[in-house]
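*Asks:* Here it is: the structure, laid out below.
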Amino acid sequence: KATVSVLYWQQTMSRQTLPANQQRHDNVSVVRLKTGGCRFEIACYRNKAQSYRNNVEKDIGEVLQIERVFTNVSQGEFAKIEDVRKHLGPKIKKSKTLNDEELERAATLLILDTGVIQLNEKERQAELDGLLHDVATFIAEKSVHPETRRPYPVSMVLSSLQSLGFAPSTKKPAKTQALEAMKQLSAKGILQLERAPMLIRGTFTSSSYQACLDNIQKVPGVQVVNANFEKLAVEFMIPPDTFRAIDALVKDMKGGSLQVLVTAVAEGHEVEINEATVAKDVSPKGKKVEKAEEREEAHEVR
């Protein structure tokens, strides 16, 4: 009889429906935004929220399980539209002209863009491991040994970061953390390294050619690789932290433009310079040049 009672209870509960203001979702990734003392959440498919933010997934239908705003996804509690309008409305463009359905849809996008992705322990550890590898990869690609001028393998950088006790943070970009880690690794003598030089090309007018060349050469660490007076172009090897100073110098003289050919050059690698290998244009007019084709990016030394 006890078994029958339990079965009857389970069947009865399975037929019960949730209140109209509740809808439960399983196997979800929650994105949460707290504002005005209220908590707002959206239900996303696993791993899709981060893919959306990285511009990998652009179909919102593949990201959101439902275009509704919750106060608690795990309990299936929807947020009141009055609270959505009061606390999220001011953050949404032209929210006063939107009806309730349009406002809630806009609110889901706001939360998706600015909210905090809630991860379980396993997902959080996987994210930290991936971030640590990104930091190590950046260091390996953008630095060299001061004497040999050769890059370190990623595995060696990872080992050095562990010796340093480095702990990645999801609140900072991998590049920022890598630059900070490089300074600490060098300062503590764990790994001898310095930023790999950049290869840039300056193209100048006939009247500014010599003056620009002379002034750029005065910047510490700059080395002229090739100078072609007929084309009024010069290729320089420069420390990465001097790029802004050189950029400002060229803009002030209003006589040329700079192109980044290779962002990191290491010893033992041949770099063929091609007109299409243009990663960035910083001309005084501020014209933007399209990124080089993907096959040309292979010239960037890793």
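*Asks:* Highest mean first, what order results for 36-42, 257-263 on Cβ atoms within 10 Å?
*Replies:* By packing density, highest mean first, the sequence is 257-263, 36-42.
*Asks:* If you don't mind, there's one more thing I want to ask. Using packing as a proxy for protection, rank 203-209, 141-147 so that the peptide with the highest average count of other Cβ atoms within 10 Å comes first.
*Replies:* Ranked from most to least packed, the peptides come out as 141-147, 203-209.
*Asks:* Compute the Kirkwood hydrodynamic radius of the range 19-128, taking the inverse of the mean of 1/r over all pairs of distinct Cα atoms, and give it in Å to one decimal.
*Replies:* Evaluated on the range 19-128, it is 14.2 Å.
*Asks:* Let me ask you something else. Listed highest first by mean packing, meaning other Cβ atoms within 10 Å per residue, what order do 229-238, 88-97 come in?
*Replies:* With the highest mean Cβ count within 10 Å placed first, the list reads 229-238, 88-97.
*Asks:* If you rank Val265, Val224 by how much accessible surface each has, with a 1.4 Å probe, what is the order from largest down?
*Replies:* Largest to smallest exposure gives the sequence Val224, Val265.
*Asks:* Now a separate question. Any of Lys58/Lys172; Lys34/Lys93; Lys48/Lys171; Lys142/Lys188; Lys122/Lys171 with alpha carbons more than 22 Å apart? Name them for me.
*Replies:* Lys58/Lys172
*Asks:* If you add up the charges near Ala106, with Lys and Arg at +1 and Asp and Glu at -1, over every other residue whose beta carbon is less than 13 angstrom from its beta carbon, what do you get?
*Replies:* Spelling it out: positives minus negatives among the neighbours equals +1.
*Asks:* Over the range 76-217, what number does the Rg to Rh ratio reach, with both radii from the alpha-carbon atoms and Rh per Kirkwood?
*Replies:* With Rg and the Kirkwood Rh in hand, the quotient comes to 1.23.
*Asks:* Continuing with this model, one more query. Excluding Ile117 itself, calculate the net charge of residues whose Cβ lies under 15 Å from the Cβ of Ile117, where each Lys or Arg counts +1 and each Asp or Glu counts -1.
*Replies:* Around Ile117, the charge tally is +3.
*Asks:* For the modelled label position 7 Å from the Cα of Arg105 along Cα-to-Cβ, which residues of the range 45-59 have backbone nitrogen atoms closer than 18 Å?
*Replies:* Hits in the range 45-59 for Arg105 at 18 Å: 58-59.
*Asks:* Also, I was wondering about something else. What per residue convex hull volume, in Å³, do the alpha-carbon atoms of the range 163-218 yield?
*Replies:* Expressed per residue, the convex hull around the Cα atoms of the range 163-218 is 125 Å³.
*Asks:* Per the Kirkwood definition applied to all pairs of different Cα atoms, how many angstroms is the hydrodynamic radius of the range 216-263?
*Replies:* Here the Kirkwood hydrodynamic radius works out to 11.3 Å.
*Asks:* Still on this structure, I have one more. Using Cα centres only, tell me the gap between the range 176-212 and the range 49-79 in whole Å.
*Replies:* Using only Cα atoms to place each centre, the spacing works out to 41 Å.
The values are calculated or read from the model by the stated rules, or taken from the named source; none is laboratory data. The structure displayed is predicted, hence computed values, not measured ones. Using ideal geometry, Cβ is built from the backbone for each residue, glycine included, and neighbour counts are taken over all protein chains shown. The protein model used for the area step is the full one, side chains on, heavy atoms only, and it has no ligands, DNA or RNA in it. Shrake-Rupley method; radii C 1.70, N 1.55, O 1.52, S 1.80 Å.
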